[in-house]
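The values are calculated or read from the model by the stated rules, or taken from the named source; none is laboratory data. Bear in mind that the values here come from a model prediction, so they are computed numbers and not experimental data. Don't worry about glycine lacking a Cβ; one is built from the backbone with ideal geometry, like all the others, and counts go over all protein chains shown. Only protein heavy atoms, including side chains, enter the accessible area calculation; ligands, DNA and RNA are left aside. Shrake-Rupley method; radii C 1.70, N 1.55, O 1.52, S 1.80 Å.
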Amino acid sequence: MAKGEGKVIAQNKKATFDYFIEETIEAGIVLQGTEIKSARKGKVQLVDAFVRIRNGEAWISNMHIAPYEQGNIFNHEPTRVRKLLLHKKQINELIGVSKQQGSNIIPLKMYLKDGYAKVLLGVGKGKKNYDKRQDLKQKDAKREIDRALKDRSR
């Protein structure tokens, strides 16, 4: 893998279904020893995770990193609150966005980049049920078109 490219560990596909993602920010994450070992094996879930800003620092909650199998008494708690590494300017920007009505900060994916664990954060507004139905209709229509083109090329 070339330097600068990242290996995706976990992806939150539900986030793009439930939210309109307006912008993304890359953040580092503080992990303990057994957490990074478990993350390298891909045992991470971002489905219910969210980001909160407290005391001028960004924290990610409900991100599940499974305990490391070879870990013993030094294993970590799977859903502990973890600190995100961001510049002060980025945190102030996130504070301003999160104050808006209906805006949320959601982790979209976790990946390894140059040996460091990174999280891609998305700033998004929640979708209504009719928006979700519209997305499903578009997805089904695209699938039907792809099938028709595949059958035609045979």
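Okay, here's what the table says:
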item	result
Difference of contour (0.36 nm per residue) and Cα-Cα distance, SER98 to GLN134	10.3 nm
Area of PHE74 that stays accessible when all protein chains are in place (1.4 Å probe, Å², to 10)	150
Long pairs among LYS109/LYS132; LYS113/LYS139; LYS88/LYS113; LYS83/LYS125, criterion Cα-Cα beyond 27 Å	LYS113/LYS139
Accessible surface of LYS132 - all protein chains present, 1.4 Å probe, nearest 10 Å²	50
Identified option (computed Cα extents along the principal axes in Å; candidates (1) 57, 37, 24; (2) 78, 29, 17; (3) 58, 40, 29)	(3)
ASN72 versus ASN55: modelled label distance in nm, points set 7 Å from Cα along the beta carbon direction	3.3
In segment 22-126, the trypsin sites (Lys or Arg not before Pro) that fall in loop regions by DSSP, at most 10 other Cβ within 10 Å	LYS99
Rg to Rh quotient for segment 58-123, alpha carbon positions, Kirkwood Rh	1.04
20 Å Cα-Cα reach of LYS150 towards aspartates and glutamates, excluding residues that sit fewer than 8 places from it in its own chain	ASP140
Sum of -39500 (n - 2.57) over DSSP H runs of 4+, divided by residues of the chain (222 nm, nearest 500)	-10000 deg cm²/dmol
Karplus (6.51, -1.76, 1.60) ³J(HN,Hα), θ = phi - 60°, over segment 25-36, in Hz, Gly and Pro reported as x	9, 8, 9, x, 9, 8, 10, 7, x, 6, 5, 5
Value of relative contact order over the chain, rounded to a whole percent, pairs C-alpha under 8 Å and six or more apart	32
